[in-house]
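The values are calculated or read from the model by the stated rules, or taken from the named source; none is laboratory data. What you are looking at is a predicted structure, and each value in this text was computed from that prediction instead of being measured. Glycine also receives a Cβ, built like all others from the backbone with ideal geometry; neighbour counts cover every protein chain displayed.
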Amino acid sequence: MQPLFFFISVFGSALFLEAKEKHNISIAIFDSPATHQHSQKVIRLFEKQLKNCKTCEFKLFPIFKNSGEISIEDFVNGLREAKAQAKVIHISWNLAYEPRFEPVIQELNLITASGLPVVGASGESQEKSMHNLSIDQTVLGKVNGIILVGELDQKGKLSSRSFYGPSILAAFSGVRDFPGSSFTSVLVSSKIATGHSQNWYEHFKKVKKQSSRSWPLLSEYF
């Protein structure tokens, strides 16, 4: 599946173009196809967060088929392309682990080992009857060195739908009109894309450990 290319213009609005050549980008987004509501909302929030960045560019790598089925091949191929171009990889998706996801996990481990920051949504159960999973029972929870971001409820605790576990390094209150960790993680990817280069994974671990809060504020990380 051909990746789709977006960039922030000098007027701060997003333009949609077909990717015709490879070049450096700020953020590689792994989500549903561009015609789907979820990826459109993720992109809209990135536009909002990056409205003052006149040079920020981002590319969407669809990892789901139009039928809704995830494509392991597209996911792996997209990661291999993105790691040579992006400043940060953003994955607004997480699911229960299955052996078929091993190629994705292996590729992500290679990327994080190289020092390229990868930010992922911690994920939530989509059905009320579904038991929430420990993060280490999920696909992204098996990736070394990934910055996992959750969503907090009104009481400042992880959402009752959220996957849980100590490897979730940050969690923030839900973004207005954008509920879920798919969107709180956008806050982190946007900041990293416009920040200075460092080992972001170790930085997030250090901030979480040293903070007096159960869940540090976004400003404590940046």
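Key figures
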| quantity | calculated |
| --- | --- |
| Filtered residue count, region 156-187, keeping only those that are in contact (Cβ under 8 Å) with a residue 40 or more places away in the chain and farther than 23 Å from residue 96 by Cβ | 5 |
| Test: residue in region 44-63 that is outside any helix (DSSP H, G or I), aromatic (Phe, Trp, Tyr), touching a Phe, Trp or Tyr at 6+ places or on another chain (Cβ under 8 Å) and buried (at least 20 other Cβ atoms within 10 Å of the Cβ) | yes |
| Output for region 40-62, where each listed residue is hydrophobic (A, V, I, L, M, F, W, C) and within 11 Å of residue 186 (Cα to Cα) | 42, 43, 45, 46, 50 |
| Candidate set from region 119-129 (those that are surrounded by 13 or more Cβ atoms within 10 Å (Cβ to Cβ) and either part of a loop (DSSP other than H, G, I, E, B) or among the polar types (S, T, N, Q) (or both)); member that is modelled with the highest pLDDT | 122 |
| Subset of region 163-195 [of a type outside the set (Val, Ile, Thr) and assigned to a loop (DSSP other than H, G, I, E, B)] | 163, 165, 166, 167, 174, 176, 177, 179, 180, 195 |
| Hey, residue 190 surrounded by 15 or more Cβ atoms within 10 Å (Cβ to Cβ) and closer than 22 Å to residue 52 by Cα or not | yes |
| Residues of region 191-211 that turn out to be hydroxyl-bearing (Ser, Thr, Tyr) and modelled with pLDDT under 95, as a count | 2 |
| Region 130-162: number of residues that are in contact with a strand residue (DSSP E or B) (Cβ under 9 Å, 6 or more places away or on another chain), within 21 Å of residue 89 (Cα to Cα) and assigned to a loop (DSSP other than H, G, I, E, B) | 4 |
| Residues satisfying the stated conditions in region 65-118, i.e. surrounded by 14 or more Cβ atoms within 10 Å (Cβ to Cβ), touching a Pro at 6+ places or on another chain (Cβ under 9 Å) and in a loop (DSSP other than H, G, I, E, B) | 71 |
| Residues of region 89-148 satisfying the condition of being under 22 Å from residue 36 (Cβ atoms) and in contact with a Lys or Arg (Cβ under 6 Å, 6 or more places away or on another chain) | 124, 125 |
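Every residue, every condition in (1) at pLDDT 90 or above; (2) within 15 Å of the chain's Cα centre (by Cα); (3) farther than 19 Å from residue 109 by Cα, yes or no:
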{"residue": "143", "(1), (2), (3)": "yes, yes, no"}
{"residue": "146", "(1), (2), (3)": "yes, yes, no"}
{"residue": "159", "(1), (2), (3)": "no, no, yes"}
{"residue": "169", "(1), (2), (3)": "yes, yes, no"}
{"residue": "177", "(1), (2), (3)": "no, no, yes"}
{"residue": "182", "(1), (2), (3)": "yes, yes, yes"}
{"residue": "189", "(1), (2), (3)": "yes, yes, no"}
